[in-house]
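See below for the structure under consideration.
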Amino acid sequence: MALQATVESRRLPSSQALNRIGRAVRSNRKATAGTILVALFPGVIAHDSPTLDAYRPHLGLSSAHLLGTTAYGQDMWAQLVWGTRNVLEIAFVVGLAATAIAVLVGIAAAYLGGLWDGSLSVVTDVLLVIPLFPLLIVIAGYAHGGGTLVLIVVITATSWSYTARQLRAQALTLRSRDFLEAARVRGERKIYIIVVEVIPTMTSLIVASFLTNALYAVLFASSLQFIGLGDPNTVSWGTMLYWAQNNAALQTGQAMWALAPGACIAALGAAFALLNYAFDEIGNPALRPVRVRPLKRGKPRA
């Protein structure tokens, strides 16, 4: 009964848990900076169509065209802003899907053990030893010209293994904890213990894993689009770099065609990285920076 009371006291209402996460994010400078950087991207507005080629090519920066126009007479600012949607779709969908697969594989392998652990670990290890980006190039090459959905499926199918290995290692440390023993004594099913007891205790690591997967999804997708393995007609930062390279933008005085999407990819990557570091600090107090408070000096005695 004492163990059961302890387990029940550990569970918080969802609203209270979300409030605690919100306070932790606001109190962490890295989390605040990362959240602001991510929030800036969907909030930008462009009125022109990104595919409209009704302007004079090779225009420079102006109030009408903030970044100028491309060699095809398209507004670069509109392409940059509309391309944000494609990048964030890939980041969040791949991040969620890859993290979900990693959670199922990693935690199930650690908790179930035996044949399940051996089989799932073999699959994970095979994906870990294969160089990821060359594998992505090969798969995307066979699906040449695929759109956003193809990129999402390809990146998701190949990028969950490292996260699964991390989650398995963490779940192994929880197998002998008292609250799991209490759940077994109560006769709970294994799926219930994994979903209700194990996964909530690993929330900070799962969130950090999602941010890592989202970061790599942005980098991999943009890289594949840059080398021409995505759909070149899709409006995205990677396809902007692809067309900029094809038209020798840096050599023809259109540097913003290449520099603007590259800077956005770097800024979004920095945002996800800052959020990742922040959630590591939130989940592990040993990683939090030590803040030294100045000592209060008393009044001098007469």
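The values are calculated or read from the model by the stated rules, or taken from the named source; none is laboratory data. This is a predicted model, so every value here is computed, not measured. These accessible areas exclude ligands, DNA and RNA; they are computed on the full protein's heavy atoms, side chains included. Shrake-Rupley method; radii C 1.70, N 1.55, O 1.52, S 1.80 Å.
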(message) I need the shape label for the range 116-206. Rule: rounded when a/c is under 1.5, else prolate if a/b > b/c, else oblate, with a, b, c from the alpha carbon gyration tensor.
(response) prolate
(request) For the range 155-234, give the percent of accessible area contributed by carbon and sulfur heavy atoms, probe 1.4 Å, rounded to a whole number. (result) 58
(request) Express in nm, to one decimal, how much length is gained between ALA248 and PHE133 on full extension, taking 0.36 nm for each residue of separation and deducting their alpha carbon distance. (result) 38.9 nm
(request) Could you tell me the largest-minus-smallest coordinate of the C-alpha atoms of the range 57-138 on each of the three principal axes, in descending order and whole angstroms? (result) 65, 23, 13
(request) Give the shape of the range 210-268 as rounded, prolate or oblate, defined through the alpha-carbon gyration tensor: a ≥ b ≥ c are the square roots of its eigenvalues, a/c under 1.5 means rounded, and otherwise the shape is prolate if a/b is larger than b/c and oblate if not. (result) oblate
